[in-house]
Amino acid sequence: MSLGFQRFFFYLNQLEVILESASQSSNPGLAFYTNDGRTPLFMLEGLSRLYSEFQNSTKFTTLKERFKLFEDLLGGIDYFDVYSKHYEGRTEVPNAIKEYMSEQKSKSLLKLNQNLNDVGWIGKTKTRFKEELKILKKIDWLGPKEEVKEIKKVYEKEIHSIHKFIRTYANPFTEMEDHVHELRRDIRWLSIFTHALQGAIQFGLRTGSAEKYETYLKPDILNSKFNQLPEIGNNTYAVLLERNAFLSLSWLIAEIGNIKDEGLEYFALQEAFIHLENLSPEESGKKANQILNWNEGRISELLARASNHANDFLQKNVLGDLVLGIGKF
C-alpha cells in the first residue's frame, strides 16, 4: 500500500468513525461538529489540494471540492456558533441580534444534516466513503522519493503565491474577507500540510538566526503542541523545513487569525442589523461599533496591522527561508 493512499485512508477512517457516532444522534450535524469532525476534513482537503498539483489532477480536484464543501458547511456553523456563545449574558447586545445568530446557526446545521444524507456520508444510502476509496485505489501513486520531490515543489509554489499576494494587496490591505482572511487561509495550508503528510515533512538540522526571528518566537509558540511535527514513521524521504521559520509561520497564522476574527465580528453584526432593521451599511456599521465599543477607524487599524505583519514577513524573507531541501531517513 502506497504512503499516499495510507495518508488518505488514515483520515478517511477518522472521519468515518466520527460520522458513525454522530449518525446515532438526533442531530448528526451538531454531534459531528462538536466532536471535532472538522480536523480530519481539513487534513483530507489539504492532502487533496496538495496531490492535485502533481498527479491525477482531475481525481484529486474532485476529492478536494467534496471535502471543501463539507468543511465549508461546518465553517458556517462555527461562524454563528461563536457569536451565539459570545453574546450570552451580554446586556449591550440586543436580543434580536442574539436570536439572529442562533437562528443562522440552526439554518447552517439544517444544511449540513441535509448534505450528510443527500450525498451519502450517513444514512441508508451511505456510499460516499466507498466512492472516495474507489477513486484513491485507481491512483497511480508515485514512489517515496519522487513524491517528496513533488511535495517540495508544491510547498515552494505556495510560498511564491503567498509572496505575490502580499505584494499585490498588502499596501495596505483594504478588505477583511478577501485580503486578510484569504491570506490566513493560504498560510495555514503550509501548516496543515505538515500534519496531513504524517511524517513526510521534518525539521532540518540547520537553524536560522534567533535574532531574526525573535519577534515571533514567543513562549506560547515554542511550547505549542501544534508546532511539534509528526514523527518520520515509515517515510524514507521527507521535505526539510527550517524550524525557526516554521515557528514564525505559526505566530503569523495566530496573529492574522486574531485580526481576522476581530474584524469579521464587526461584519457579522453589520449584516445582522441590515437584515433585521433594513439599515444601510453605514447605519448598521455604526450600531456594530456601539456594541463593540469601537471608534470608526477600528477596521482600518486592523487592516493596517495585518498589512504590517505580512510585509514584515516578506521583508525578512521568513517564508523564503522555510524550505531547506529533502532528507533521506
*Check whether at least one residue in region 303-326 is closer than 26 Å to residue 170 by Cβ, among the hydroxyl-bearing types (Ser, Thr, Tyr) and not in a helix (DSSP H, G or I), and report yes or no.*
no
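Starting from residues that are assigned to a helix (DSSP H, G or I) and acidic (Asp, Glu), keep the ones in region 273-302 and report whichever is most open to solvent (accessible area, probe 1.4 Å).
282
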*Just a yes or no: is a residue in region 81-91 over 22 Å from the mean Cα position of the chain (by Cα), among the basic types (Lys, Arg), modelled with pLDDT of 95 or more and over 29 Å from residue 123 (Cα atoms)?*
no
*All but one of (1) farther than 30 Å from residue 325 by Cα; (2) of a type outside the set (Phe, Trp, Tyr); (3) at pLDDT 95 or above hold for residue 166; which doesn't?*
(1)
*Has region 68-84 got any residue that is without any contact (Cβ under 8 Å) to a residue 40 or more places away in the chain, among the polar types (S, T, N, Q) and farther than 28 Å from residue 271 by Cα?*
no
*Test result for residue 326, β-branched (Val, Ile, Thr) and either more than 30 Å from residue 213 (Cβ to Cβ) or within 25 Å of the chain's Cα centre (by Cα) (or both)*: no
*Within region 254-271, is there a residue that is of a type in the set (Gly, Ala, Ser) and under 30 Å from residue 200 (Cα atoms)?*
yes
*For residue 286, indicate whether it is out of contact with any Phe, Trp or Tyr (no Cβ under 8 Å at 6 or more places or on another chain), among the basic types (Lys, Arg) and within 30 Å of residue 162 (Cα to Cα).*
no
*Mind listing whichever residues of region 216-233 are open to solvent by 90 Å² or more (accessible area, probe 1.4 Å) and assigned to a loop (DSSP other than H, G, I, E, B)?*
223, 228, 231
_Options 64, 107, 130, 59: the member that is within 26 Å of residue 7 (Cα to Cα), over 21 Å from the mean Cα position of the chain (by Cα), modelled with pLDDT of 95 or more and open to solvent by 40 Å² or more (accessible area, probe 1.4 Å)_ = 59
*Can you tell me which residue in region 187-215 is most open to solvent (accessible area, probe 1.4 Å), limited to those that are outside any helix (DSSP H, G or I) and free of Cβ contacts under 8 Å to residues at least 40 places away in the same chain?*
205
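The values are calculated or read from the model by the stated rules, or taken from the named source; none is laboratory data. Just so we're clear, the structure is a prediction, and the values are computed from it rather than from any experiment. Reconstructed Cβ throughout: ideal geometry from the backbone, glycine too, with neighbour counts over all protein chains shown. With ligands, DNA and RNA removed, areas are computed over all heavy atoms of the protein, side chains included. Shrake-Rupley method; radii C 1.70, N 1.55, O 1.52, S 1.80 Å.
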